[in-house]
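Data block below; observations after.
The values are calculated or read from the model by the stated rules, or taken from the named source; none is laboratory data. Keep in mind it's a predicted model, so treat the numbers as computed, not measured. Here the Cβ positions follow ideal geometry from the backbone for every residue, glycine too, while neighbour counts run over all protein chains shown.
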Amino acid sequence: MKRLVCLLLTFIILLGVMQLTALAEEERITITIMRDYIAPPEADGEILKYMCDKYNVNFEIIYIERGNWNESISTKFAKGEIGDIIDVKGLDLLYTYVEQGLLAELPPDFLKENAPFLYNEYVKEDETHALRYTTIDGKNYGIPNITGNNFHNVIAWRGDWLTKLGFDKAPETLEEMEEALYAIVQQDPDGNGINDTYGIGETGMEMVYGAYGYLPELWQDRDGMLVYGAVQPETKQALTKLAQWYQDGIIDPEFVTGENQGGYYAISHSFNNNRIGLTCLGAYYHWKPVFYPGDSKSEVYLELQKANPEALETIMYGTPVTGPEGKSGMEGSAVINAASTVGFGIQLQEDPERFAKVLQVYDAMSSTYENYIESIFGIRGVHWDYDETTGFPGLINGNDSKSVARLGIVSGFECNEYTYLRAKPRIDWAYEKKLDVGVLSNQLLVPLASAADYQDELDKLRDETFTKIIRGDLPVDAFDDFVAEWYRLGGQQLTDEANEWYATLEK
């Protein structure tokens with residue numbers, strides 16, 4: 001009898017466990033994700049299963065071809081497949097999706113309540129209010145991606161030449177830059193007895209424009225309005241300076257063909273081969289040293305080490321020179337990465353409880369560094385681990401990013417702090433070289449409706465006119481005719497459209 005009672009109790013307990021398990025499974029929601037994956041995830045991938053169990057949800061990945069994104073995702077939408085979490089490849093597409101009724105409104109208070117980590121990343125009193133870029137007619141529809149560690153290209157001077165010519169540091173003002181460039185051209189810094197050195201090629205000109213406040217290819221704020229840098233009066237001042245330098249032999253006459261003569265795009269052969277004394281070609285990750293075995297990138301560093309080790313050992317890294325009114329700048333990334341915004345499917349708007357759960361899970365995947373790394377690399381000890389030498393996370397056991405992606409990886413959100421932790425040596429190096437100083441960013445973050453009609457012709461007009469002015473084929477005053485022509489050929493239309501968008505942002 002006692003045995004029968006025990007068996008009955010055991011049965012009841014097992015039944016209860018089964019019922020609880022079934023209930024837990026029933027309570028799991030399914031979160032569909034349309035994100036940028038480098039390989040089609042496997043439905044039964046071990047990482048995907050692990051993440052589902054960890055967050056007590058079922059992740060369903062809707063794979064979108066990376067190389068055919070817009071067409072592929074549009075086809076999915078047309079079939080009624082709308083993910084709960086959606087990669088939005090551009091703010092213009094965010095507006096389009098909202099207009100098409102594909103995205104749910106995401107009130108800031110709702111975001112704050114259910115995703116406090118993400119909210120704090122985007123709504124800070126001491127930073128640009130990032131959500132203004134995803135706010136349309138007073139309603140927020142997504143989470144934008146803040147660009148972390150905003151750096152301009154490296155400013156590399158031939159330190160061996162400058163030292164020989166009596167300069168003990170990289171020039172800091174336009175006047176000092178001019179003095180150094182003239183010395184490089186006129187005093188035979190390479191000591192070969194031939195007048196064959198120039199100050200700058202194509203890339204060094206950017207600092208000159210920046211020293212007057214505007215870069216020709218950027219839309220920048222001027223008194224609360226967006227203006228195109230190429231048609232600003234200050235650009236004429238920069239062209240006047242460049243035309244004088246060209247006439248005096250300071251600028252490489254081959255500047256139009258660029259400094260790279262083939263191979264990896266960030267390498268300045270003109271600099272490596274003793275032709276020019278200053279280059280601004282290449283980002284920090286191209287120029288940084290190799291910090292540890294297996295460290296990636298450093299293409300420029302390695303090429304210069306091979307081609308001209310003396311030049312590499314004596315590089316003087318500079319900052320954008322300041323002009324006569326104290327202005328300076330070189331192009332860096334915009335505050336917002338307009339090509340990477342997260343939206344949420346319209347179906348969530350009718351189910352706030354489910355919407356809240358989606359946000360809570362997405363927030364949890366990003367709220368700690370360990371969770372974020374896990375969402376990128378998979379299971380620690382199986383797919384990745386911290387390198388014993390460097391302390392940085394990396395794939396192990398022959399895994400590569402594609403093989404991990406196929407196992408059903410679900411990426412989280414990378415905040416600025418995580419970028420730093422993942423790549424500390426190279427980021428530290430960039431800050432040490434002051435590559436965050438003097439960054440100018442494009443403040444127009446959406447494609448303009450009429451750009452396809454006018455932009456190519458306007459860019460061609462700008463490039464041809466500026467080249468002719470610098471070479472002396474046209475007088476500097478031809479700039480005034482260029483400005484009038486630029487506006488007439490569509491520039492006014494683009495300016496109007498740019499400011500129509502700019503006016504929609506919450507200031």
Only listed residue being under 23 Å from the mean Cα position of the chain (by Cα), buried (at least 16 other Cβ atoms within 10 Å of the Cβ), within 30 Å of residue 378 (Cα to Cα) and of a type outside the set (D, E, K, R), chosen from 82, 64: 64
Hey, residue 319 outside the structural domain of residue 92 (by TED's automatic domain parsing), β-branched (Val, Ile, Thr) and in contact with a Lys or Arg (Cβ under 7 Å, 6 or more places away or on another chain) or not: yes
Pair list, Cβ under 6 Å, 6 or more apart: segment 477-488 residue within 18 Å of residue 455 (Cα to Cα) and assigned by TED's automatic domain parsing to the domain that holds residue 230, other residue buried (at least 16 other Cβ atoms within 10 Å of the Cβ) and of a type in the set (Ser, Thr, Tyr): 482/465
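Hey, which of the helices (runs of 4 or more DSSP H) in segment 224-293, taking only ones fully inside, have at least 3 residues that are hydroxyl-bearing (Ser, Thr, Tyr)? Lay out the reasoning, then the answer.
Values: elements: 233-247, 269-272, 284-287.
In segment 224-293, 233-247 are the helices (runs of 4 or more DSSP H) which contain 3 or more residues that are hydroxyl-bearing (Ser, Thr, Tyr).
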Hey, residue 255 in contact with a helix residue (DSSP H, G or I) (Cβ under 9 Å, 6 or more places away or on another chain), surrounded by 22 or more Cβ atoms within 10 Å (Cβ to Cβ), modelled with pLDDT of 95 or more and more than 25 Å from residue 476 (Cβ to Cβ) or not: no
Lone unmet requirement of (1) at pLDDT below 95; (2) surrounded by 16 or more Cβ atoms within 10 Å (Cβ to Cβ); (3) assigned by TED's automatic domain parsing to the domain that holds residue 296 for residue 422: (3)
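Here's the yes/no breakdown for (1) farther than 25 Å from residue 206 by Cβ; (2) in contact (Cβ under 8 Å) with a residue 60 or more places away in the chain:
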{"position": "267", "(1), (2)": "no, no"}
{"position": "274", "(1), (2)": "no, yes"}
{"position": "287", "(1), (2)": "no, yes"}
{"position": "298", "(1), (2)": "no, no"}
{"position": "309", "(1), (2)": "yes, no"}
{"position": "315", "(1), (2)": "no, yes"}
{"position": "327", "(1), (2)": "no, yes"}
{"position": "343", "(1), (2)": "yes, yes"}
Residue match in segment 150-169 (condition: without any contact (Cβ under 8 Å) to a residue 12 or more places away in the chain, among the charged types (D, E, K, R) and not in a loop (DSSP other than H, G, I, E, B)): no
Test: residue in segment 281-298 that is closer than 26 Å to residue 465 by Cα, among the aliphatic types (A, V, I, L, M) and either surrounded by fewer than 20 Cβ atoms within 10 Å (Cβ to Cβ) or assigned by TED's automatic domain parsing to the domain that holds residue 199 (or both): yes
Considering residues of segment 351-372 that are within 22 Å of residue 98 (Cβ to Cβ), modelled with pLDDT of 95 or more and not β-branched (Val, Ile, Thr) only, the residue surrounded by the fewest Cβ atoms within 10 Å (Cβ to Cβ): 352
Condition check for residue 401: under 23 Å from residue 40 (Cβ atoms), surrounded by fewer than 15 Cβ atoms within 10 Å (Cβ to Cβ), in the same structural domain as residue 110 (by TED's automatic domain parsing) and among the small types (Gly, Ala, Ser): yes
Residue among 446, 476, 437 that alone is in a loop (DSSP other than H, G, I, E, B) and surrounded by 18 or more Cβ atoms within 10 Å (Cβ to Cβ): 446
Count of segment 426-472 residues which are in contact with an Asp or Glu (Cβ under 9 Å, 6 or more places away or on another chain), at pLDDT 95 or above, under 30 Å from residue 149 (Cβ atoms) and among the hydrophobic types (A, V, I, L, M, F, W, C): 3
Qualifying residue in segment 449-456 (condition: in contact (Cβ under 8 Å) with a residue 40 or more places away in the chain, part of a loop (DSSP other than H, G, I, E, B) and not assigned by TED's automatic domain parsing to the domain that holds residue 53): yes
